[in-house]
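K.L.:
Take this structure first; my questions come after.
The values are calculated or read from the model by the stated rules, or taken from the named source; none is laboratory data. Note that the structure is a prediction, hence the values are computed from the model and not measured. Glycine also receives a Cβ, built like all others from the backbone with ideal geometry; neighbour counts cover every protein chain displayed. Heavy atoms of the whole protein, side chains included, go into the accessibility calculation; ligands, DNA and RNA do not. Shrake-Rupley method; radii C 1.70, N 1.55, O 1.52, S 1.80 Å.
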Amino acid sequence: CLWDLLYRWNCYDVYRTSPSTSYIVPTFLGIYGAIGLLRYVLAKFIRKLKEGPLLTKKYALIYTSNLCQSIQQAYLLVALLVGSITSMMTIIMSCRNSYREFVVAIMGYVVVIVLLTVSVIYKFLMEAQMRKGLFYNLWKVGYTKCELKKIARNEVVYFYLSLFLIPFVYIVIILGRFVYFDHISLWFVLMMTLFYMIPLILSTIFTYIQYKKSVIDTIQGR
């Protein structure tokens with residue numbers, strides 16, 4: 001059973017325990033850092049790229065502009081994802097000596113990730129609907145549908161890559177400390193990371209397909 005394996009990989013030592021829930025308050029404080037990173041630091045970084053090395057890149061200049069707008073519009077969902085994932089992670093750690101609570105916490109972790117990921121998909125596709133005119137104008141000035149698909153694909157991939165990397169920093173810091181003190185195993189960390197990565201990978205594929213179908217495939221022509 002998968003839950004049995006996860007529970008055994010969670011090498012709990014009752015003599016070396018630490019207050020896992022003490023991470024919750026710093027996590028929520030860190031959400032403000034994630035919001036600032038998304039709204040200001042990342043936006044400024046993308047803006048500098050657009051004014052510098054990307055200025056002559058006809059694909060990158062477009063998808064980075066769209067990417068910056070998508071991140072700006074979805075920053076609250078991303079911040080909520082950061083807070084929810086890291087909070088659930090600390091709750092799992094606090095339940096690691098009780099099999100039933102441990103399994104329930106992991107199931108809650110997976111459900112939270114799936115629900116928030118679905119919300120991000122919905123938000124992203126709502127923003128994508130507003131770009132029909134942009135892609136149509138690009139097609140009118142000479143971009144082929146194949147090139148438009150490449151722009152949309154890069155935009156989606158980099159968006160979800162950002163969505164993965166920002167919470168991943170928090171996950172590494174929190175779980176890294178538990179690994180250092182031998183409270184959990186690396187196999188357990190790997191499984192928790194996969195539970196986080198797989199929904200994002202599936203969401204990337206689904207979002208690109210829907211993006212292409214609703215925005216680019218509606219253009220009549222090559």
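K.L.:
Past the 18 Å Cα-Cα mark, which pairs from Lys58/Lys140; Lys48/Lys149; Lys123/Lys212? Write down the numbers at each step before the final one.
P.N.:
Details: Lys58/Lys140 15 Å; Lys48/Lys149 25 Å; Lys123/Lys212 16 Å.
Check vs 18 Å cut-off fails for Lys48/Lys149.
K.L.:
Between Arg100 and Tyr180, 0.36 nm times their residue separation minus their Cα-Cα distance comes to what?
P.N.:
Values: separation 80, 0.36 × 80 = 28.80 nm, distance 2.52 nm.
Taking 0.36 nm per residue and subtracting the Cα distance, the gain is 26.3 nm.
K.L.:
Can you work out the Karplus-derived ³J(HN,Hα) for every residue in the range 109-120? Use 6.51 cos²θ - 1.76 cosθ + 1.60 with θ = phi - 60°, whole Hz, and x for glycine or proline.
P.N.:
Karplus values, whole Hz, x for Gly and Pro: 4, 5, 4, 4, 4, 4, 5, 5, 5, 4, 5, 5.
K.L.:
At Ile201 and Val112, where each label point lies 7 Å from the Cα along Cα→Cβ, what is the point-to-point distance in nanometres?
P.N.:
Calculated label separation equals 2.3 nm.
K.L.:
What list of ³J(HN,Hα) values in whole Hz, one per residue of the range 171-179 in order, does the Karplus curve 6.51 cos²θ - 1.76 cosθ + 1.60 (θ = phi - 60°) give from phi, with Gly and Pro shown as x?
P.N.:
4, 4, 5, 5, 5, x, 5, 5, 5
K.L.:
Taking only protein heavy atoms into account and a 1.4 Å probe, give the accessible area per residue of the range 102-222 in Å². Show your work: numbers first, answer last.
P.N.:
Working: 6110 Å² over 121 residues.
So the range 102-222 comes to 50 Å² accessible per residue, rounded to a whole number.
K.L.:
Sticking with the crude label model, points 7 Å out along Cα→Cβ, report the distance from Met130 to Gln72 in nm, one decimal please.
P.N.:
0.9 nm
K.L.:
For Val41 and Asp217, what is the calculated FRET efficiency with R₀ set at 35 Å and r taken between the beta-carbons, to the nearest 0.05? List each step's numbers first, then the result.
P.N.:
Numbers: r = 35 Å, r/R0 = 1.01.
Calculated transfer efficiency: 0.50.
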